[in-house]
Amino acid sequence: MVNELTREQQRELVDFLKRWGIDHPLLIQEMFDHYSEKALHAMDRGLSWERTLQSWKTKSTFLAFRRMDKAFTEHQEKYWNRIQRKHLCKLITLRNVFFLALIAVISHAVVLFKVGLLFLAGLFALKCIAAFALMVVQVVRKRTRQILSIRNMSFYYIFYVLMAQIAFKTISLDEGIFTVAQSPQALATFFWISIAADFYSITLWKRVKAETNSLTLQMLEEHIPKLQTQ
Amino acid sequence: MSKNHLYKGTLSAVLLTLLEENGRMYGYELSKRALEATNGDLNITEGALYPALHKLEAEGLLETEMERVGNRMRKYYRLTETGGKEARDRIAELADYAANLQLFLKNRLANG
């Protein structure tokens, strides 16, 4: 009983499949397995490899292979289109639509330049106030004072003060109309500092969250059992 | 003599039935089992078998998995949940058809 085709026979089989009209790699893989099995059974019945292979080389095989390949390619395209549509539909959520709309509004404002600067200056002024308020709250609160140092918060505050200052310097009010008073370099600096500040706030936020979690865990593990035993 | 033409139109039902009975199967196995189950009447050619399987897969009635066998990759087909329901519906449909055909032939033979 023959268990497997030789390397040479396998090579000839792949060659036959390709020459007789199968192009798609996935279909070649499937047909390779099918025809290997078919050949092994034929050889078990006493047919030689050469005769088996020769018996397949007919016009009807060629036409069938071409038809199969065409149908398979069409199905594959439909399948991938369906998957793509499914994933696209999943992406259309209320949250994503909201963020896309927000990005579109901000981008539009930035393109309009003057309005963009005014918008961003206002936005960062608010951020600056929020940062200052947050710093005061964090320092006053005993628990978070352990996590964030005054230096941490000062950096945070300085970032936003700097941003607000640059933003306000790049625009000026001239006879009731806002005009751009500074060069594009100032605008670029402003954007880079803004990105750095946001990055720094995310880092701080993550740190506060991690430390708070660990303090809560510590409290659960140490203080509560102590209270229970008292 | 091959009676393949008589099975025309029932191929997908035959495939779904075989998969319902046997769980997962690969292409060559399906064609062999169909031949055995019909006493050699239904010889499914590759040109009919694979397009039918791929169509059922594209319709979501079959799912596939690949497995290495020796130095080859083998593609196994199995019914999805929808495919299972569809298989049962088609078997019932086919049974109805066979019963009606049998009745028709019985009457025809009785009338000479």
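Cβ-Cβ contacts under 6 Å between residues 6 or more apart (or on different chains), taken from a first residue in region A:74-98 that is closer than 24 Å to B:HIS54 by Cβ to a second residue that is part of a helix (DSSP H, G or I), are listed as A:HIS75/B:HIS54; A:HIS75/B:ALA58; A:LYS78/B:ALA58; A:TYR79/B:ALA58. When every residue of region A:50-60 is checked against the conditions, at least one turns out to be within 11 Å of chain B (Cβ to nearest Cβ) and surrounded by 14 or more Cβ atoms within 10 Å (Cβ to Cβ).
Restricting to region A:2-25, give me the number of residues that are outside any helix (DSSP H, G or I) and under 38 Å from the mean Cα position of the chain (by Cα). Step through it out loud before you land on a result.
From region A:2-25, those outside any helix (DSSP H, G or I) are A:2-6, A:20-24; that's our starting set.
Retained after the next criterion (residues that are under 38 Å from the mean Cα position of the chain (by Cα)): A:22-24.
Number satisfying all stated conditions: 3.
Within region B:25-78, restricting attention to residues that are more than 10 Å from chain A (Cβ to nearest Cβ) and β-branched (Val, Ile, Thr), which residue is farthest from A:LEU26 (Cα to Cα)? Of everything passing the filter in region B:25-78, B:THR38 is farthest from A:LEU26 (Cα to Cα).
For A:ARG51, indicate whether it is over 25 Å from B:GLU29 (Cβ atoms) and free of Cβ contacts under 8 Å to residues at least 24 places away in the same chain. No: the conditions fail for A:ARG51. Within this structure, A:ILE28 fails the test of being touching a helix residue (DSSP H, G or I) at 6+ places or on another chain (Cβ under 9 Å), assigned by TED's automatic domain parsing to the domain that holds A:GLU74, of a type outside the set (Asp, Glu) and not in a helix (DSSP H, G or I). Considering the conditions (1) at pLDDT below 80; (2) crowded, with 16+ Cβ neighbours inside 10 Å, A:ASP33 is excluded by exactly one of them, (1). Only one entry in B:ALA98, B:ALA48 is modelled with pLDDT under 90, surrounded by 15 or more Cβ atoms within 10 Å (Cβ to Cβ) and at negative phi, namely B:ALA48. Looking only at residues of region A:26-64 that are over 42 Å from the mean Cα position of the chain (by Cα) and among the β-branched types (Val, Ile, Thr), we find that the one that is nearest to B:ARG68 (Cα to Cα) is A:THR52.
Apart from one condition, B:ARG33 fits all of (1) more than 20 Å from A:LEU40 (Cα to Cα); (2) in a helix (DSSP H, G or I); the exception is (1). Within region B:59-74, the residues that satisfy the criterion of being surrounded by fewer than 18 Cβ atoms within 10 Å (Cβ to Cβ) and within 21 Å of A:LYS78 (Cα to Cα) are B:GLU59, B:GLY60, B:GLU63, B:THR64, B:GLU65, B:MET66. Counting the residues of region A:1-13 that are buried (at least 16 other Cβ atoms within 10 Å of the Cβ) and within 11 Å of another protein chain (Cβ to nearest Cβ) gives 3. Within region A:31-49, the set of residues being in a helix (DSSP H, G or I), away from every other protein chain (no Cβ under 11 Å) and not small (Gly, Ala, Ser) comprises A:MET43, A:ASP44, A:TRP49.
With respect to the conditions (1) out of contact with any Asp or Glu (no Cβ under 9 Å at 6 or more places or on another chain); (2) assigned to a strand (DSSP E or B), B:LEU94 falls short on a single one, namely (2).
The values are calculated or read from the model by the stated rules, or taken from the named source; none is laboratory data. Bear in mind that the values here come from a model prediction, so they are computed numbers and not experimental data. Note that each Cβ is placed from the backbone with ideal geometry, even for glycine, and that neighbours are counted across all protein chains shown.
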